[in-house]
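J.: Pasting in a structure now, in structure tokens, and then I'll have a few things to ask.
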Amino acid sequence: NESFAQALLPFVDSFHAALAAMPKDLGETEWAKGFLQVGNQLEEVLRVAGVAPIDSITAQFNPEIHECVGTEKHEQAGKILREVQRGYLLNGKVLRPAKVIISE
């Protein structure tokens, strides 16, 4: 499953980038619904294979599952400010660490 999951992650990344860039005025159009359905199916395939996203936004920085790719000034040091690339676990083992920006 690991090589299969690794092969799918670029597609998942592209889907999330396209979703973030999707115009908000598409709203409830059939195209938007279909696009979201493709994403749901892709995530279901990963889930069945044992792949789960790493929750970085509500977590404290953990070097075992996060990779710091930058820092910014903030009143609370070591806080994850944003995720640059989503990370994933495969059956609880790090498949790809989450790339994050943390506070200094």
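We did not get these values from a lab; they are worked out from the coordinates using the rules stated. Nothing here was measured: the structure is a model prediction, and the numbers come from that model. So basically every Cβ, Gly included, is an ideal-geometry build from the backbone, and we count neighbours across all protein chains shown.
J.: Test residue 100 against the stated conditions and say whether it is out of contact with any Phe, Trp or Tyr (no Cβ under 8 Å at 6 or more places or on another chain) and among the hydrophobic types (A, V, I, L, M, F, W, C).
T.: When the stated conditions are applied, residue 100 does not pass them.
J.: Do the conditions hold for residue 43, that is, is it farther than 19 Å from residue 14 by Cα, of a type in the set (D, E, K, R) and under 15 Å from the mean Cα position of the chain (by Cα)?
T.: Answer is no for this residue.
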